[in-house]
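Written below as structure tokens is the structure these notes are about.
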Amino acid sequence: MARRWLLPGYQLDRRDISDSESSADSRAGTSRFIPASLARSFSSLTNRNFRYLWFGQVGAATAMHADLVARSWLVFELTGSSLAVAGVNVARAVPMLLIGLFGGVAADRWDRKRLLIIIQIWSLMLNAAMAIIVICGWVEMWHIYVLAFLLGSGMAMNQPVRTSIIPQLISKEQLLNAVALNSIAINATRLIGPALIGLVIAVWGVGPAYVWSTIAYGIVIWTTTRVAMPPISALAKRGSLVGQMIEGFRYIAQNRLVLALVLLGLGPLAVGFSHQTLLPALVVDELGRDAAIMGFIMAVGGIGGITGGFYMASRVDLRHKGVIMLGSAAAYGVALLLFAGVSMLIMVFPLIIAIGISQTVFRSANTTTLLENTPDHLRGRIVSATLLDTALAPVAGIIAGAVADSAGVSAGYLVLGGMCLAIVGLALLAYPKIRSV
């Protein structure tokens, strides 16, 4: 049986054992019909617990993309301003800055399964509230700001918990595969979800998009109840919340590699990701299209994400992760610069695919390297530090939105692309050894 990467005192139950045995039999039986590289891409899903966790990621990503399309379109419809779209995204990101690191402490300290269920019930209730407000015609901008802030509070807790669970459920050798499969889950839903949600908005309005998000969170809650998780180590429970948060900061400051990995993520994960703030203005002002086209553009980006995800998931041993991270982050920046020259819809598709590939490759390599170089009792806190990248994305979006409103959408993309490339250059200058990771 494959060795597990487990906490002290954790005992495998019969489902774990039977999963390992049945997965071996399954692989033997299906290898005659499935190419080896494709079988490797899904190898982590032979683990029952990770399989349920992964399906939960699919549901959560579906809800997230529906909210992203609906919220961006609703705000632009109400205000006609890219800056306003960025402002609402900031409201959702503020909790990540305020409580994100405490979310990492909670992920290390308390029962992760119970935390996930509570977070997902919270998100379900907020999406249901948004659906009611929009469908009943009561929506005002302050509703969107408040609910975005409250949803962001749940997100600040969710991802540190969800990501830090992965190494506890699978063998160390399958870590890259599992992380890449998480990216595939996000991008597969981005491939289908935004296009469908865009069509729903175009035909029926924004309200039904939030109905779908509510249903998706119901599915996520059910899958989470099916995951058997190991107990929290006694080491993780020592000390106060503030003391444990300081311990996480101290570890990052003292570990040059981890510090470099967190800082490098500011490129494609913070600055680059904020380009979605400019999509409504690009679609309406530059291309003269509607919400359905915006959803379709985001869905096409999912093709690139899935492609990059399958490449990473099929790797048995990924070497030169540092070079891969630097190259994919730089490719992201170049693609954003090229967006500034878009004048026809057909020009958008190769660029959005390139962005999807580069972001997924970068995220998989970056997250895997972080998890490999972080002790188990600190993983929640280290993952929560990477969420600061996501929290800073709307700040970059505010800058790009202000530039777009005053100087045009092309100028906004030039600013984002330049910032992304500058961060990659600074990370390389600050820690040249990252190339040899």
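Entry note, the chain: the mean residue ellipticity at 222 nm calculated from DSSP H runs of n ≥ 4, each adding -39500 (n - 2.57), is -26500 deg cm²/dmol after division by the residues and rounding to the nearest 500. Listed values for the range 253-267 are Karplus-derived 3J(HN,Hα) couplings in whole Hz (6.51 cos²θ - 1.76 cosθ + 1.60, θ = phi - 60°), namely 5, 8, 9, 4, 5, 4, 4, 5, 5, 5, 5, 4, x, 4, x, and x replaces Gly and Pro. Using C-alpha pairs under 8 Å with a sequence gap of at least 6, the mean separation divided by the residue count of the range 45-436 gives a relative contact order of 29 percent. The residue list 377, 313, 164 was ranked by how far each Cα lies along the charge dipole of the chain toward its positive end, using unit charges on Cβ atoms, and 377 comes out on top.
Remark: the range 269-275, residue by residue, has Karplus-estimated 3J(HN,Hα) of 8, 10, 5, x, 5, 5, 4 Hz, where x stands for each Gly or Pro and the curve is 6.51 cos²θ - 1.76 cosθ + 1.60 at θ = phi - 60°. Helix 207-225 and the longest principal axis of the Cα set of the chain meet at an angle near 10°. The C-alpha atoms of the chain define a longest principal axis, and helix 82-109 lies at about 10 degrees to it. Helix 345-372 sits at what angle to the longest principal axis of the chain, using alpha carbons and giving 0 to 90 degrees rounded to 10? Helix 345-372 sits roughly 30 degrees off the main axis of the chain. Positive-end ranking of 139, 127, 88 along the dipole of the range 76-151, with charges on Cβ about the Cα centre, is headed by 127. The charge dipole of the chain, taken about its Cα centre with unit charges on the Cβ of Lys, Arg, Asp and Glu (plus for the first two, minus for the last two), comes to roughly 1440 debye. With both labels modelled 7 Å from their Cα along Cα-to-Cβ, the residue 436 to residue 225 distance reads 5.3 nm.
Across the range 57-68, computed HN-Hα scalar couplings (Karplus, 6.51 cos²θ - 1.76 cosθ + 1.60, θ = phi - 60°) run 5, 4, x, 5, 5, 4, 5, 4, 5, 4, 5, 4 Hz from first to last residue, x flagging Gly and Pro.
Here are a few candidate values for Rg and Dmax of the Cα atoms in Å: [x] 20.9, 62; [y] 23.7, 76; [z] 23.9, 71. Which one was actually calculated from the structure I just gave you? Read-out from the structure maps to [x].
No lab work stands behind these numbers, since they all come straight from the coordinates. Keep in mind it's a predicted model, so treat the numbers as computed, not measured. Every residue, glycine as well, gets a Cβ built from its backbone with ideal geometry; the counts of neighbours run over all protein chains shown.
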